[in-house]
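Everything on this sheet refers to the single structure shown next.
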Amino acid sequence: MTNDEPMIMSTANLPSASSASGKPVVHQGKLKAVDLNFFYGAYQALHGITLEIPANRITALIGPSGCGKSTFLRTLNRISETIRNTRVEGQVLLDDEDVMQVDVTALRRRVGMVFQKSNPFPKSIFDNVAYGLRVNGFRGALSDAVEHSLKRAALWDEVKDKLHKSAYALSGGQQQRLCIARALAVDPEVLLLDEPCSALDPIATAKIEDLLFTLKDQCTIVIVTHNMQQAARVADRTGFFLMGKLIEYNTTEIIFKNPTKQETEDYITGRFG
Amino acid sequence: MATTAASSAPPSGGAQVWLKRLRSGDEVARLITLVFASIILVLTVGLVYQLWATSSMPRHKFGFTFLTSSLWNPVTGQFGALPFIYGTVVTSAIALLIAVPLGVGAAIFLSELAPPRISSLFTFFIELLAAVPSVIYGLLAIFTLVPLMRDYVEPFLKKTLGVVPVFGGAIYGFGYLTAAVILAVMTLPFIISISREALLEVPTEQREAALALGATRWESTWQAVVPYARLGIFGSIFLALARALGETMAVTMVIGNDPSIHASLFAPGYTIAAVIANEFAEASGDLHVQSLVELGLVLFLLTIMINALARLLIIATTRRGSAQS
Amino acid sequence: MTLRNRWRKTLSYIMLSLTGVCAVVAVAILFLILGYLVYNGWRSVDWNFLTKLPKSPGETGGGMANAIVGSFQIILLATVIGLPIGFMAGVYLSEFGGKTFAFLVRYMADLLNGVPSIVIGIFAYAVVVIPMHGNSASAGGLALAVMLIPITARSTEQFMSSVPQTLREGALALGASKWKTIATVVVPAAHRGIATGMILGVARIAGEAAPLLFTSGNNDYISSGFSQPTASLPVMIFLRATSPYDDWHRQAWAAGMVLLLLVLFANIAARLILSRGIAVQR
């Protein structure tokens, strides 16, 4: 076991921020990792990760390539299990419930994911957004739900007349927003985004970042990004990963302006990574 | 906090865990597809078993002399495989002798010289050739190739090379040489398409290195590019050989059906596949049938070995190719 | 330029031209075959040919209706048995395969693919003809199915494996179970390739005569049901071509032309489907 002290930011220590209306908001630890270790075969990719992700906030995970931030993200919805020979030790808790004890398909309905490169299905735009609904046995009016999701993803106006065209007819940025709409359709409580803008131009990136701001009231957002400026722009809280360990985790302001660890400061100032 | 170790490998837990997974539908799907996949195993094992079991009579009666005896007489109950093994080997060998230079030459053209569009178009046509049924090749061979060989090619060869016993002997049109020619035509598409792919995988740096040293276009192709692709080319040759050995219909229709060994290529002969095709339906008596099955077993083993060799060579090329890049 | 260099250049030119000749010869063969068959066969493909039963040699006006129907019966049986098994096996290999078992299955499938079709005929003979005491369409259908299964399995596996993993993850992340992901995302994504593989496989077995010679045999009449000896186009071509009668030779050409056109058509159609675009983009 590693000796690096994990920075535990429990709800008691967080300064309570205010919502837009000025009333103080109490943060619940929506997703928690407790002493999480992850192994690819014999290789240990994550060492003793412990952190709490607050509800209705945007949490960013940053760090150099290969530091384990994506690996960590993928344990949160257990999509890491699709790779053979992986092992998890420790716990991930959603609303204080161990995710390993929950049916995995139910978990993934509550914790959605958007991937690094957009991966729309070879189906129409409509069918892409409707997929999650259909697969989970949605009984209501499909087209209303699809429209609602596309609006939440700020894509509705651009695609409303071509819902039955192939998803591949959209631009890269639109496809990624389609993937976000697809993930939102099942009304997840948490949305995980794995470097969602890394393949996109600055304008498309800005659109998605604006989108995240509008979503966080209804959703808890965790975003992995290799772009520090993006983390500084969007995140309320930021965690810095290095070589499979969580070095520092705090409000974004503290991480970027006043980090306590040397490694964090080195990374922020660009001395490596 | 308890440590839970979750593994993505199938749980080694008890029946209860398995039953729980069964209800998920995923395990059911896995089992169903597994059953279908095992049908392939069952079929292969069954095939080998049948070949072995249904050839027990001649194996016990003749032992290894089955392979060395050249007497095949259903009437007297004597069965030796040598004429057929001879015929199979001779026709296939000569077929390769004709097809390999032609095929590798065409492959070189298509990979090195031809503009991409012509290369794709020609390759498309050549791959269509591979789809032509054997019986059609046979049909054409009987009515067009046989007269051609009988009236023009074989007399010419006899006139010029008749000193050698291989080109001596009476000319019928039907025989080893004609069979070899049609086999060459049938195996040509395989040699071309696989060799072409092997040649396309050769990095351009190889060719450029030779050219930079002052080699001519041909020299760089023949001395730098082709040797680099030799594993894949050999693989294609072995694959073609395996197909030639097992080719039935076209050969049956032109080989002349004579179960004896002749030195002359113009003479009629027989191959393993051809004798099975001709005699199986009306075989007289169990020993006859089972001897034909034993011939099938011999053919089976022969083609398995050569196919395995071919695949090893082709895998070696792709592995080396990807290791290089 | 030295003499040696001049020779080297000339040699280069000659050898490279020769390779071009080889390629042209190879392609020309295809057109020769096609041309010959069409030339000799098209006059003989008439209404009689398609609808009448064979007559004794010497009588004109016979046809190959029995072979056409018989081929249809045998191929139908082979397809109904072979395609589903091959498809499911391919799904297993691509999506569920455990390491050793999948390796074994793949190896055996490739092995079966390399077995000469006449040996497969022997197998079908031992397994169906002997117990049934006679030739039948079932035996022929089984022989062709045994050939179709490994072809279909490997091509299905190939196309399903080439569907990017990220598509599967996208579906799983939405809460779809593994089998639902396969059925609603992976198979649709690979459907062009899978269909192509199936068409090519069926085209391949449709032209086979060797495994049918002593399994489904021949029949001068249309066979009712699947338990009788049944005529088929490839076998008929063989029998007619090797007979001594001119009229029967003529029929062989006609049948050959029909068979070849069907097989080539299927091949070209399959390749066009595939080149229209694999369903998954980029």
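FYI, it's all coordinate maths here, none of it is from the lab. What you are looking at is a predicted structure, and each value in this text was computed from that prediction instead of being measured. Neighbour counts are summed over all protein chains in view; Cβ atoms, including those assigned to glycine, are modelled from backbone coordinates with ideal geometry.
Values for this structure:
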read-out: Chain B shape via C-alpha gyration tensor axes, a/c threshold 1.5; value: oblate
read-out: Nonlocal amide H pairs with A:Gly90, under 5 Å, H built at 1.01 Å; value: A:Asn37, B:Thr4
read-out: Sequence-separation-based contact order of chain B, relative, with Cα cut under 8 Å and 6+ spacing, percent; value: 24 percent
read-out: In Hz, Karplus ³J(HN,Hα) per residue of region C:204-214 (6.51, -1.76, 1.60; θ = phi - 60°; x = Gly, Pro); value: 5, 6, 5, x, 7, 10, 3, x, 9, 3, 10
read-out: DSSP-defined antiparallel bridges as percent of all bridges, chain A, nearest 5; value: 60 percent
read-out: For B:Gln78, residues with placed amide H under 5 Å, excluding near neighbours; value: B:Asn73
read-out: Net charge of Cβ neighbours under 11 Å - reference A:Ala183; Lys, Arg +1; Asp, Glu -1; value: +4
read-out: Helix A:125-135 axis, angle to chain A major axis (alpha carbon atoms, nearest 10°); value: 70 degrees
read-out: Sequence-separation-based contact order of region B:135-247, relative, with Cα cut under 8 Å and 6+ spacing, percent; value: 27 percent
read-out: Residues A:Met243, C:Met198, C:Met236, sorted so that the one with the fewest Cβ neighbours within 10 Å comes first; value: A:Met243, C:Met198, C:Met236
read-out: Qualifying aspartates and glutamates (Cα of each under 15 Å from Cα of A:Lys261; at least 8 residues distant if same chain); value: A:Asp4, A:Glu5, A:Glu248, A:Glu253
read-out: Backbone HN-Hα couplings from phi across region A:197-207 [Karplus 6.51/-1.76/1.60, Hz, Gly and Pro as x]; value: 10, 5, 9, 10, 7, x, 5, 4, 4, 4, 4
read-out: Cα gyration tensor category, rounded, prolate or oblate, for the protein assembly as shown with a/c compared to 1.5; value: prolate
read-out: Max mean-square fluctuation residue, GNM over chain B, Cα-Cα springs under 10 Å, options B:Ser92, B:Ser284, B:Ser195; value: B:Ser284
read-out: Restraint check, A:Lys160/A:Lys216; A:Lys162/C:Lys178; A:Lys123/A:Lys162; A:Lys151/A:Lys216; A:Lys117/A:Lys207; A:Lys123/A:Lys165, Cα-Cα greater than 19 Å; value: A:Lys160/A:Lys216; A:Lys162/C:Lys178
read-out: Under-5 Å amide H pairs with A:Leu193, H placed in peptide plane, nonlocal only; value: A:Val114, A:Val222, A:Ile223, A:Val224
read-out: Between 0 and 90°, nearest 10: helix A:172-185 axis offset from chain A longest Cα axis; value: 90 degrees
read-out: Integer Hz, Karplus 6.51/-1.76/1.60 couplings in order for region B:127-135, x for Gly and Pro; value: 5, 5, 4, 5, 8, 5, x, 4, 4
read-out: Rg/Rh ratio calculated on Cα atoms of region C:1-119 (Kirkwood radius); value: 1.25
read-out: For region C:48-275, the fraction of alpha-carbon pairs in successive 5 Å shells from zero, as %; value: 1, 7, 13, 15, 16, 14, 11, 8, 6, 4, 3, 1, 1, 0, 0
read-out: Residue (of B:Thr144, B:Leu102, C:Leu16) at the positive-pole extreme of the protein assembly as shown, dipole from beta-carbon charges; value: C:Leu16
read-out: Where trypsin sites (Lys or Arg not before Pro) in DSSP loops with at most 12 other Cβ within 10 Å are excluded, longest remaining stretch of chain A; value: A:161-270
read-out: DSSP-defined antiparallel bridges as percent of all bridges, the protein assembly as shown, nearest 5; value: 65 percent
read-out: Rel. contact order, % - alpha carbon contacts under 8 angstrom, at least six apart, chain C; value: 26 percent
